[in-house]
Amino acid sequence: MKKFYISLLGSALVSIVVLGWLIDAFSQQAHTPQDEFSVQSKMMMGFSKQLANIPTSERGAYVKQLGEEFELSIDYKPNESLALPPSLLLQMHAVGGLILEDQQGFYMLYSNQALNPFHISMRLKKSADTDKRNDIFLTLLFYAGLCILMGFIIAPLAKRLSVLNEAAKQFASGNTQARINASHFTYIRDVELTFNRMASQIEKLVAENKLMASSLSHDIRTPIACLRFGLDAALDTHDEKKIKTYLERMENDLDHMESMLKSYLAFATLEQNANKLTYSSTNIKHYLEDILVQLAPKLESQMLTVDLNSSTDIIVADLHWLARAITNLLTNACDFAEQYIYLSAKVHERQLIITVEDDGPGIAQENFKNVLSPFFREEDHRNRADKSYGLGLAIVEKVADWHNGTISVSKSKHLGGACFTLSITQHYKS
């Protein structure tokens, strides 16, 4: 919008200056007194030649007689009666004489060597109607020109606003894929890009909410069915031991449902943290070593070995959420690795690249993209964890997106299992 304000203000100023200059130049050319009164000027010069042949004492009466005969307001006076500077007095001797203007009209003054120190003055009236018409015409011309020039500036804005309005209408009608093809030649490029980002974010949230509702309704059926079965069985039996067993199973089902709901609600509110990132710096190798120390009990219990290969570069990121993402990747690898996990990290330009590989069964190639979607779980082998709801890798993808990065899945070249590559853009303060 700043570009638009500057362009609009600059165009208005340039338009006013250019139009004012053109109209002023036209007005001066159209209203040059010397051109308008060329006939009167020739008459004055003719009168002066006649006066040169008349005695000085009789010139006043002769000029009065000429005025009556030609119906002119003409007079013969000494130069000292004029309160004019010397420069203007000299102009009376020029061809055409000196023309002075006041509110009622013009004065034409003329003198030469034969008349000096006297001069002839002629009163000329303005044509009021003509002047008014000219003023109205020039005023209308100025505003018309200003409107045309400003129209060239505002027309592209109006066009882009109509495009934005149409996209907003489509989006409001349910077309969440409606976007604006942002143009470089627009004043509101930032607004258009912001609309596209907003639309993409809303589309993603709507899709995730639909997916979460569908997954939750599907996943919660099993524990509800188990609760119903346990409740019916407990009501039908009179054996206290069986009743206690059924109640314990029902308690486990309730714990499972509670854990499921907590995980789903935590993921639903995860997006609120996107604008609360706190950036700090650390040594990437020491950072990864600390994460492995925290996961040591899980690694030892499953008798897994982690091979760490990391540079010692200093990174800048939200260390809390980055640790959450790396931990999710390592936990995922722990669930499916046989013996070994390979963890590597390096910095290339502004990109931090972290890979986590395992020697497990891997992921089917057709599921490389699906495995990052919320609530997705492969049915054949990648569901070993009892309390896995398909959210761990989805959280990793969100953390990568918050850091303007990506997460990709492939087959491990080192160990033959799954390979997850997390790439984030480091945040440097300007």
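The values are calculated or read from the model by the stated rules, or taken from the named source; none is laboratory data. If you're wondering where the values come from, they're calculated on a predicted model, not measured in any experiment. Don't worry about glycine lacking a Cβ; one is built from the backbone with ideal geometry, like all the others, and counts go over all protein chains shown. The protein model used for the area step is the full one, side chains on, heavy atoms only, and it has no ligands, DNA or RNA in it. Shrake-Rupley method; radii C 1.70, N 1.55, O 1.52, S 1.80 Å.
Scanning segment 107-152 for residues that are of a type in the set (Phe, Trp, Tyr) and either at pLDDT below 75 or farther than 30 Å from residue 59 by Cα (or both) gives 137, 142, 143, 152. Residues considered: 270, 352. Of these, the only one that is buried (at least 17 other Cβ atoms within 10 Å of the Cβ), in contact (Cβ under 8 Å) with a residue 24 or more places away in the chain and within 30 Å of residue 217 (Cβ to Cβ) is 270. Contact annotation: residue pairs with Cβ atoms under 8 Å, 6 or more positions apart or on different chains, pairing a residue in segment 233-258 that is more than 15 Å from residue 220 (Cα to Cα) and open to solvent by less than 70 Å² (accessible area, probe 1.4 Å) with a partner that is part of a helix (DSSP H, G or I) and not hydrophobic (A, V, I, L, M, F, W, C), are 233/242; 233/246; 234/242; 234/246; 237/246; 246/230.
So, in segment 275-326, exactly how many residues are of a type in the set (Lys, Arg) and either under 17 Å from residue 353 (Cβ atoms) or open to solvent by less than 30 Å² (accessible area, probe 1.4 Å) (or both)?
The initial filter retains those residues of segment 275-326 that are of a type in the set (Lys, Arg), namely 276, 285, 298, 324.
With the extra rule that they be either under 17 Å from residue 353 (Cβ atoms) or open to solvent by less than 30 Å² (accessible area, probe 1.4 Å) (or both), the set shrinks to 285.
The total comes to 1.
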